[in-house]
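The block underneath contains the structure these notes are about, expressed in structure tokens.
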Amino acid sequence: MLAHALVGVAQGASLSRQPAPGGNVARLIVGPGSWLRATLLELASSGERDYILRGGIMEFDSTGPLHVLWTRLGVEEPGGTLVLAARKPESGLLLVDVTFHADVTRAPLEIVFKQVSRLTVTYDEVANITLIGVLGAVASRLDGNVWAVVRVPGNACGLSAANSECIQNDCEHSVVYMKTYVSENSEDSHIIIRKISRKI
């Protein structure tokens, strides 16, 4: 039941940037060679939830029990990495909206889920949204170490009937593609995505 509620949040939450006090959009820029880390507790206590990735590393930590938050990450240059740190004994939930700059068409983003060897990805063709992580999975298949979901416009992982499982969504005409990735020779899951401008 909680999983269904969270899927609704993930699918319905706004992809637009929220203005900071004063009407301006506040953004922290993570450039080449830099590594910025934020916990859920820090995100909850500050108004800063909008980041720009320009080739650096952005890491989120699950510390912050009882917090359910979402943040935005705009990719402007290739070579950046989004890291979701290992789940803590008491962790909150995080939704990360990833968007690619309008001028960026070939900027890959590496997404790393630490200490997660099994990761589920879903693509909803009606909403045209890819969910990577806990909120995209059927409740019985959830990986206990996943505490966050990454949401990307478009079919970021190229899922289709040919390479994934089709499941019926709540809407009669909606099809959801689902695929589980199992990491080999690593305790972490690594996925590389790029800007997708059209549906499958």
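Every read-out reported here was derived from the displayed coordinates using simple, explicitly stated rules and does not represent laboratory data. Owing to the predicted nature of the structure, the values given are computational and were not obtained by experimental measurement. With ideal geometry, Cβ positions are generated from the backbone for all residues, glycine too; neighbour counts draw on all protein chains shown.
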>> Output wanted: per-residue J couplings in Hz (rounded whole) for region 185-190, from phi through Karplus 6.51 cos²θ - 1.76 cosθ + 1.60, θ = phi - 60°, x for Gly and Pro.
In response: 6, 7, 8, 10, 9, 10
> Packing-wise, with mean Cβ within 10 Å as the measure, how do 121-128, 160-167, 32-39 rank, highest first?
Replying inline: 121-128, 32-39, 160-167
> To the nearest 0.05, how large is the calculated FRET efficiency for E110 and A161 if R₀ is 22 Å and r is the Cβ-Cβ distance?
Replying inline: 0.25
